[in-house]
Amino acid sequence: MSDEREPDLLTELILEVFRLNGRLIAAGDRLVGDLGLTSARWQVLGSVALAAAPMPVAWIARNMGLTRQAVQRIVNELIGEGALAFATNPHHRRAKLVVMTDRGARLYQAIEKRRLPWAGALVEGLSPRTIASAATTLRALRERLEEN
């Protein structure tokens, strides 16, 4: 049986996610700004760095929950700066694969050196169980939205 307060609790959670997103973007911009990055560029660079295999722009966008056009613009910028490159896709002639360059890998390593202590300070005092529970809840909600 559903609790009649659940929609209000979900609304509260959604509003908190919106607030958190804004704060994360601002904090990310501060963390990587002097490297010539924004949170959005960091996100795309990280998606390429952490991918199990090179992907085309459309796949990166789908995984990130962003539009292909937005990701394409950022990929083009990062290619222009030598951090990413296009590679031939053996499965699709026009959908090139996005790959990390040596410069991009060094940039990502510089980000990671900053991210680890920043993230450690951010979660200080929170239990791993609490963090895992929050991630599980947010993942379940995202997956339900993706079904529609």
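Read the figures in this text as sums done on the coordinates, not as results from a lab. The model shown is predicted, which means the values in this text are computed figures rather than measured ones. Cβ coordinates were reconstructed from backbone atoms using ideal geometry, including for glycine residues, and neighbour counts include every protein chain displayed.
Place +1 on the Cβ of every Lys and Arg and -1 on the Cβ of every Asp and Glu in the chain, take the dipole about the Cα centre, and give the residue among Met100, Ala40, Gly120 whose Cα lies farthest towards its positive end. Of the candidates, Met100 comes out farthest on the positive side. Dividing the summed helix terms, -39500 (n - 2.57) for each DSSP H run of n ≥ 4, by the number of residues in the chain produces a 222 nm estimate of -23000 deg cm²/dmol to the nearest 500. Once you keep just the Cα pairs under 8 angstrom separated by 6 or more residues, what percentage relative contact order results for the stretch 39-147? Contact order relative to length: 23 percent. Other residues within the sphere of radius under 12 Å centred on the Cβ of Tyr108, judged by their own Cβ, net out at +4 (K and R +1, D and E -1).
Send over the Kirkwood Rh of the chain, from the inverse of the averaged 1/r over different Cα pairs, rounded to one decimal Å.
Computed over Cα pairs of the chain, the Kirkwood hydrodynamic radius comes out at 17.4 Å.
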